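See structure below.
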Amino acid sequence: MVKRNPHFAGLSEGYLFPEIARRRRALLEKNPDAKIISLGIGNTTEPLTPAVAQALELAARELGTADGYSGYADDSAGLSALREQIAAVLYKGRITPREITISDGAKCDIGRLQILFGGRATVCIQDPAYPVYVDGSLIAGAGGGLQYMPCRPENDFFPDLGGLKRADLIYFCSPNNPTGAAATKTQLAELVAFARQNKSIIIFDAAYSEFIVEQNLPRSIYEIPGADEVAVEVNSFSKSIGFTGVRLGWCVVPQKLKFEDGRPALPDWLRIINTLFNGASNIAQRGGLAALTPAGRRETQNLVAYYQDNAKLILEGLRQTGIQAYGGVNSPYIWAHFPGQKSWDVFEKILNEAYVVTTPGAGFGPAGESFIRFSAFGRHGDIDAAAQRLKRLKF
Ligand code: PGU
């Protein structure tokens with residue numbers, strides 16, 4: 001018999017979102033007529049926008065012709081045109097196309113980065129955080145060296161770096177999932193200085209960067225001078241243009257990022273991409289290119305604005321109930337506080353009394369206890385109905 005990989009012993013039994021889906025199904029079994037509204041998993045609901053949908057369609061048609069067909073790409077790092085556009089449009093030339101690799105999504109890149117740095121790397125993770133950082137690190141074998149950085153209303157959701165032990169990797173997500181907090185330039189400069197001082201590497205997750213509306217908030221860690229020596233960045237087309245199912249993202253590994261022995265990290269990263277990944281879908285990449293044209297950029301803004309209107313409705317609904325809620329401005333997530341209550345209990349109450357699916361804060365880490373995450377992804381009508389139902393609840 002084969003021994004089970006011991007790294008799985010430290011993991012919670014199941015991944016967070018399937019557990020939530022299970023509880024939703026349980027309610028439907030009890031009450032098949034329940035009109036459930038999901039504000040749980042951050043899953044996009046609006047159709048692909050015209051310029052992007054047309055580009056995907058055209059790419060698929062071309063693959064059906066002898067001249068237009070293509071198979072494996074020569075370079076698994078992605079279409080050069082797309083890498084150039086990401087560098088020009090989204091990084092304004094701060095990053096070169098060579099430092100960008102195109103992927104099937106930010107989650108998949110986080111998994112591959114965990115292979116790049118290996119199971120011996122010690123890690124610091126925001127608490128609460130997107131569960132993939134902790135679970136993925138544990139699967140990679142980093143069980144011994146995992147440190148939480150509590151992010152609460154009291155510290156403006158930015159960790160107290162002074163109290164931390166040095167770690168090899170620092171996971172940082174801004175705008176944050178789940179708290180909705182977007183770090184300021186000053187805060188990110190502090191993070192970069194901390195990483196430089198400790199010779200740590202930041203894994204910066206900018207999956208929600210398009211949701212930033214307030215002026216002067218950084219959309220990328222590379223807006224901070226010197227970050228290119230200490231940070232990799234992952235990002236995605238999932239939340240900005242509705243590619244949660246199409247699948248397309250990218251990762252930046254700057255040429256200046258070096259390991260302890262002075263070797264650059266980029267060649268090792270490209271080795272992983274070429275060895276364990278055959279490149280992102282050729283069709284999806286054409287959609288990504290269309291999303292970066294002026295028409296595509298306008299469509300992205302409209303789509304994001306649609307979800308931001310939803311966030312306002314949820315925030316208003318919660319505030320009228322007297323619940324303290326954070327986020328929802330530069331982020332599609334609202335982080336609501338229910339002091340003294342267990343988040344899974346509040347989750348069950350909202351599910352069973354309002355038929356609204358949410359995500360319990362405890363699923364994102366110990367500091368998430370007594371919080372609930374509301375996702376603003378959904379149809380206006382559903383969100384409006386959910387906000388009305390929330391107003392009627394007594395906590
Ligand atoms: N990074 C962050 C911070 C995310 O919140 C998510 C999705 C991703 C990356 C994944 O991006 P892809 O490019 O689509 O791979 N978070 C959602 C979905 C749940 C999940 O398991 O990914 C959420 O509800 O938190």
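The values are calculated or read from the model by the stated rules, or taken from the named source; none is laboratory data. Small disclaimer: the values here were computed from a predicted structure and weren't measured. Every residue, glycine among them, receives a Cβ derived from its backbone with ideal geometry; neighbour counts consider all protein chains shown. Each accessible area value is taken on the protein alone, full model and side chains, heavy atoms only, with ligands, DNA and RNA left out. Shrake-Rupley method; radii C 1.70, N 1.55, O 1.52, S 1.80 Å.
Of all beta bridges that DSSP places with both ends in the chain, some 50 percent have antiparallel geometry. Solvent-accessible area assigned to carbon and sulfur over the chain amounts to 52 percent, based on a 1.4 Å probe. Neighbours of Glu233, meaning other residues whose beta-carbon lies under 11 angstrom from its beta-carbon, give a summed charge of -3 when Lys and Arg score +1 and Asp and Glu score -1. Averaging Cα coordinates gives a centre for region 246-302 and one for region 114-190; these two points are 22 Å apart. At an R0 of 56 angstrom, the distance between the Cβ atoms of Arg25 and Gln197 translates into a FRET efficiency of 0.70. In the context of the full set of protein chains, residues of the chain present 45 Å² of accessible surface per residue (probe radius 1.4 Å, heavy atoms only).
Pairs exceeding 19 Å between alpha-carbon atoms, taken from Lys35/Lys391; Lys165/Lys342; Lys342/Lys394; Lys107/Lys258; Lys165/Lys256; Lys107/Lys199: Lys165/Lys342; Lys107/Lys258; Lys165/Lys256; Lys107/Lys199.
As a calculated quantity, the FRET efficiency between Arg120 and Leu63 at R0 = 51 Å, using C-beta atoms, amounts to about 0.75.
The fraction of Cα-Cα pairs per 10 angstrom bin, counted from 0 for region 300-378, comes to 20, 51, 25, 4 percent, rounded to whole percents.
In terms of its Cα atoms, the chain spans 57, 57, 54 Å along the principal axes, sorted from long to short. Once both labels are positioned 7 Å from their Cα atoms along Cα-to-Cβ, the gap between Val213 and Asp135 label points is 3.1 nm. The slack in the chain from Thr321 to Tyr306, taken as 0.36 nm per residue of separation less the alpha-carbon distance, amounts to 3.0 nm.
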